[in-house]
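Chemist: One structure follows; several queries about it will come next.
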Amino acid sequence: MLTGRVNAPEINTPHGWLNTDRRWSIKDFRGKIVLLDFWTFGCINCQHIVPDLNRLEEEFADILVVIGVHSAKFDAEKQSETIRQAIQKFGVEHPVVNDADFAIWNLYGIKAWPTTVLIDPNGKVVGQHAGENVYDTVRPYIQRMKEEFLDELNQTPIPVQPEKQDESALSFPSKLINDSEGNLYLSDSGHNRILKLNQQGQVLEVIGSGERGFNNGGYADTTFNEPHGLALHDDVLYVADAKNNAIRKIDLRHRMVSTAAGTGELEYYFHDDKRSEPVNPNSPWDLLIHGKSMFIANAGNHQILRMDLETEQVYRFAGSGREALTDGLLDEAAFNQPSGLSIRGEVLYVADAEASAIRTVNLKTGMVLTPLGRGLFDFGDVDGHVDDALLQHCVGLQVIDSDVYIADTYNGKIKVLDMEHHRVRTLTAGLREPNDVLYLNGRLWVTSTNSHQLFLVDLHTGAKEEVKVV
């Protein structure tokens, strides 16, 4: 942590506050230790530190105030309503200020997401830390200030007014697949469970208690933590249990859940680390089975992993671990929070979310290419030739013949990339952070994650029809 005691700049903006019923200023926190968390909700590394922040808040509940400063990367992240939904989705329990124009970011000289800034009880900046591992880095400083300012500390709790989510059958539904009988499996991620549905939206099975956790067992006792990607292999349903950093294994015949890979901890590997030895997933976001392998969109470490379905060992497959838009051979290429997978023949298609890009991985030649997308900070809502077209944080896709149907998440649209003619068009709009697309019986099934809905979309007209889940 960089250190240096200077007066903390003000933290108010004209864009408002969330998780609280008032505006706050630095002077309101005199007598408190303050931790500012500069984040943007689409950033996986920002999501990774939420448990650390929660842990610090619980441990130092009487003297510590955590304030989220949401300095958005993407245009869609600047809106208070989308920040509110992210607060609900990720379980953020402290006040958050919307820093849509980067005013606070610039005052504090922030350079990267996430960055935490520690402020002492006299309103002086102690230092800042960029990146993860916040608990172990920041805790010693908080403990030291607790002793240094013992007689000055204000132990009255700061009031918080959590953003409430309306009750609904689904909560932030994300990825979905179908079985051979035409039934659907859906990750009801906000409810931390998996649903089996028929095509009329009737719930046939509920897998998971609904509590956030990491317990194996029968359907009613099992717990998940924000499940996303799904893959079926015979009578086994694999689940990308994102915030548990694990691949869970559901035995559909015996109705039991176990853990195929992952310990719950974040694991990192870069460049030549662990090239030929098993690794653990890091925020796995999507799954796809091809032959005897299951590919994993490993969003947290910007890579594609491969599970050997016979041994259930997980290995690195594509990506250096560096966050960048770099084409080349498997070991040289770089991804940007890969979040969706589809396949056509021997070509794996990847929704590379943070670069708003579509990537391809040729499983025979080992070559990674970018048919659509330019870089980490090149995004927008533009149709047309691929040289001009722009997406905004796409997280799902489905390949049908030579067309790639894309969940253009932050634009709230389903777009189509025509690989033959190298053009992009909008099929339908008006969704709220669509997360996945599934082709079944001539129509597209689409999860509208932030409106907690499931839709059918006509492939030709783009007309939407909600499927009510009951």
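Chemist: Could you tell me which residue out of Ile406, Gly340, Thr461 lies farthest along the dipole of the range 333-470 toward its positive end? Charges go on the beta carbon: Lys and Arg +1, Asp and Glu -1, centred on the Cα centre.
Modeler: Looking along the dipole axis, the top candidate is Gly340.
Chemist: I need the calculated FRET efficiency for the pair Gln200 and Arg275, taking r as the beta carbon distance and R₀ as 56 Å, to the nearest 0.05.
Modeler: Given R0 = 56 Å and the Cβ-Cβ separation, E is 0.70.
Chemist: What percent does the relative contact order of the chain come to when contacts are Cα pairs within less than 8 Å and at least six residues apart?
Modeler: Working: 1272 pairs, mean separation 44.5, N = 470.
It rounds to 9 percent for the chain.
Chemist: Quick check: net charge around Asp286, other residues with Cβ under 15 Å of its Cβ, Lys/Arg +1 and Asp/Glu -1? Present the calculation step by step, with values, prior to reporting the outcome.
Modeler: Numbers: positive: Lys175, Lys243, Arg248, Arg306, Arg359; negative: Glu226, Asp241, Asp352, Glu354, Asp436.
In short, 0.
Chemist: Give me the percent of the accessible area of the range 1-57 that comes from carbon and sulfur atoms, probe 1.4 Å, all protein chains in place.
Modeler: Working: 1090 of 2230 Å².
Of the solvent-accessible surface of the range 1-57, carbon and sulfur hold 49 percent.
Chemist: On to the next question. What whole-number distance in Å separates the alpha-carbon centres of the range 314-369 and the range 243-270?
Modeler: 22
Chemist: Taking the square root of 5 times each eigenvalue of the Cα gyration tensor, what semi-axes in Å does the equivalent ellipsoid of the range 346-465 have, largest first? Intermediate results must be reported in sequence, preceding the final value.
Modeler: Working: eigenvalues 93, 52, 35 Å².
Working from the Cα gyration tensor, I get semi-axes of 22, 16, 13 Å.
Chemist: Calculate for the chain the 222 nm mean residue ellipticity that helices alone would give, adding -39,500 (n - 2.57) per DSSP H run of length 4 or more and normalising by residue count, nearest 500 deg cm²/dmol. Show your work: numbers first, answer last.
Modeler: Details: 5 runs with 46 residues, N = 470.
It lands at -3000 deg cm²/dmol.
Chemist: Also, I was wondering about something else. No solvent, one uniform scatterer per C-alpha: report log10 I(q)/I(0) for the chain via the Debye equation at q = 0.06, 0.07, 0.10, 0.11 1/Å, two decimals.
Modeler: Taking Cα atoms of the chain as identical point scatterers yields -0.26, -0.36, -0.73, -0.88.
Chemist: Every cysteine in the chain with no other Cys Cβ under 4.7 Å from its Cβ, please list them in numeric order.
Modeler: Isolated Cys, the chain: Cys394.
Chemist: With Cβ to Cβ distances under 9 Å as the rule, what net charge do the other residues near Val69 carry (K, R +1; D, E -1)?
Modeler: Cβ neighbours under 9 Å give a net charge of -2.
Chemist: Tell me, what is the per residue accessible area of the chain in Å², probe radius 1.4 Å?
Modeler: Working: 18300 Å² over 470 residues.
Ligands and nucleic acids excluded, the result is 39 Å² per residue.
Chemist: Oh, and also: Roughly how big is the range 162-205's charge dipole about its Cα centre, with Cβ charges of +1 (Lys, Arg) and -1 (Asp, Glu), in debye to the nearest 20?
Modeler: Value, rounded to 20: 80 debye.
Chemist: State the Cα centre-to-centre distance between the range 381-458 and the range 74-123 in whole Å.
Modeler: Cα centres, the range 381-458 to the range 74-123: 29 Å.
Chemist: With the full set of protein chains in place, find how many percent of the accessible area of the range 348-451 is carbon and sulfur; take the probe as 1.4 Å.
Modeler: 45
Chemist: Which peptide among 355-363, 150-158 comes first, and what is the full order, when sorted by highest mean count of other Cβ atoms within 10 Å? All intermediate terms of the calculation are to be shown ahead of the outcome.
Modeler: On the way: 355-363: 23.3, 150-158: 11.6.
Going from most to least packed, we get 355-363, 150-158.
Chemist: Please work out the Cα convex hull volume for the range 71-209 and give it in Å³ per residue.
Modeler: 182
Chemist: Once you charge only the Cβ atoms, +1 for Lys and Arg and -1 for Asp and Glu, what is the size of the charge dipole of the chain about its Cα centre, to the nearest 20 debye?
Modeler: Working: 44 positive and 67 negative charges, 61 e Å.
For this selection, approximately 300 debye.
Chemist: Roughly to the nearest percent, how much of the accessible area of the range 151-195 is carbon and sulfur, given a 1.4 Å probe?
Modeler: C and S atoms contribute 42 percent here.
Chemist: If you don't mind, there's one more thing I want to ask. Tell me the label-point distance for the pair Lys124, Asn183, using the 7 Å Cα-to-Cβ offset, in nm and rounded to one decimal.
Modeler: According to this spin-label approximation, the distance is 6.5 nm.
Chemist: Okay, next question. Taking just the alpha-carbon atoms of the range 142-223, what radius of gyration and Dmax come out, in angstrom?
Modeler: Calculated on Cα positions, Rg and Dmax stand at 21.1, 68 Å.
Chemist: Ranked highest first by the average count of other Cβ atoms within 10 Å around their residues, in what order do 18-28, 179-189, 280-290 fall? Don't jump to the answer; show the numbers that get you there.
Modeler: On the way: 18-28: 14.7, 179-189: 18.5, 280-290: 24.8.
Taking the mean over residues of other Cβ atoms within 10 Å, the ranking is 280-290, 179-189, 18-28.
Chemist: Next question. So what is Rg over Rh here for the range 379-422, counting just Cα atoms and using Kirkwood for Rh?
Modeler: Details: Rg = 9.8 Å, Rh = 10.5 Å.
For the range 379-422, the value is 0.94.
The values are calculated or read from the model by the stated rules, or taken from the named source; none is laboratory data. Fair warning: this is a prediction, and the values are worked out from it, not measured in the lab. So basically every Cβ, Gly included, is an ideal-geometry build from the backbone, and we count neighbours across all protein chains shown. Note: accessible area is taken over every heavy atom of the protein model, side chains too, but ligands, DNA and RNA are not part of it. Shrake-Rupley method; radii C 1.70, N 1.55, O 1.52, S 1.80 Å.
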